[in-house]
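> My structure is below; once you've seen it, I'll send some questions.
The values are calculated or read from the model by the stated rules, or taken from the named source; none is laboratory data. These numbers were taken from a predicted model, which means no experiment stands behind them. Every residue, glycine as well, gets a Cβ built from its backbone with ideal geometry; the counts of neighbours run over all protein chains shown. Surface areas here come from the heavy atoms of the whole protein model, side chains and all, with no ligands, DNA or RNA. Shrake-Rupley method; radii C 1.70, N 1.55, O 1.52, S 1.80 Å.
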Amino acid sequence: TYVCGDENFSPNTTYDQNLEALLPSLASKVITEGGFYNASLGRVYALSLCRKHYGAQDCRRCVDRASRNLLTQCQGKTEAYHWDSETFANVSCLVRYSNIPTFGKLKLEPLLNIPHSNVLPSLNVTRISQEFSARANQTLEVASKADESSVLKYYGVSSAEFTDIPEVYMLMQCTPDLSSADCYHCLKE
């Protein structure tokens, strides 16, 4: 899933050149930095994050692919992010860039909301929603508590059998540059 911002930049500018130089470097750096890497070049600010418990080569491949996708899919945009995943490799990653510093700052935009239209009409949506909310709140509480022993200090995962549907898996993770309060607010939103 990728989201491009609204503001544009002109091709062949310093911003364009810095973006083209910075994004491809993220894949190798995220591994050496323990799963999270933040960098800037000129006025381009970028970060990359891999899901906790990642495999090094899977993480590198994921960040590389996400970076390449952003350069093509959001060409000419001053801000974008891409959340990518591979089910077979059990890896997911985030790559984000902006023309303003984002390190340590909660930023909820640009947002992307993907509606789930595949709920079967025979299901009790109210009961599923209540069960889902309860599980989400439990996962959120765990994910927003900092585990200072890890670079990837905000992470929560759970699974549950809901009444009307098979097992559901939930994962929440924040970038480690945020405060615990900002992580909680972001995940709650």
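> So what are the ³J(HN,Hα) numbers for the range 12-17, from phi and the Karplus equation (6.51, -1.76, 1.60; θ = phi - 60°), rounded to whole Hz, Gly and Pro as x?
Once θ is set to phi - 60°, the couplings for the range 12-17 become 6, 9, 4, 4, 4, 5 Hz.
> Now a separate question. Given R₀ = 41 Å, FRET efficiency for His185-Asn12 by Cβ-Cβ distance, to 0.05? Please list the in-between numbers first.
On the way: r = 39 Å, r/R0 = 0.95.
Computed FRET efficiency for His185 and Asn12 comes out at 0.55.
> Also: Cβ neighbours within 10 Å, averaged per peptide: list 182-189, 129-136 in order, most packed at the top.
182-189, 129-136
> P(r) for the range 1-70, please, calculated from all Cα pair distances in 10 Å bins and given in %.
20, 50, 25, 5
> Here's another thing I want to ask about it. Could you give the length gained by full extension between Ala136 and Gln57, i.e. 0.36 nm per residue of separation minus their alpha carbon distance, to one decimal place?
Stretched fully, the Ala136-Gln57 segment lengthens by 25.4 nm.
> Here's a follow-up. Which order do you get for His82, His53 if you rank them by accessible area with a 1.4 Å probe, largest at the top?
My answer, sorted largest first, is His53, His82.
> Now for a separate question. Across the chain, what fraction of all alpha-carbon pairs, as a whole percent, falls in each successive 5 Å bin from zero upward?
Bin by bin from 0 Å, the calculated values are 1, 8, 15, 18, 19, 16, 11, 7, 4, 2, 1, 0.
> Which ³J(HN,Hα) values in Hz, rounded to whole numbers, follow from the phi angles of the range 176-189 under the Karplus curve 6.51 cos²θ - 1.76 cosθ + 1.60, where θ = phi - 60° and Gly and Pro get x?
Along the range 176-189, the couplings run x, 7, 7, 7, 4, 5, 5, 4, 4, 4, 4, 5, 5, 5 Hz.
> Still on this structure: At a 10 angstrom cut-off on C-beta neighbours, averaged per residue, how do the peptides 14-24, 94-104 rank from highest to lowest?
Answer by packing, highest mean first, reads 94-104, 14-24.
> Once the Cα atoms of helix 56-73 and of the chain are each reduced to a long axis, what angle between those two axes, in degrees from 0 to 90 to the nearest 10, is obtained?
The angle comes out near 70 degrees.
> To the nearest 10 square angstrom, how much accessible area does Lys52 have with a 1.4 angstrom probe?
Surface accessible to solvent at Lys52 totals approximately 30 Å².
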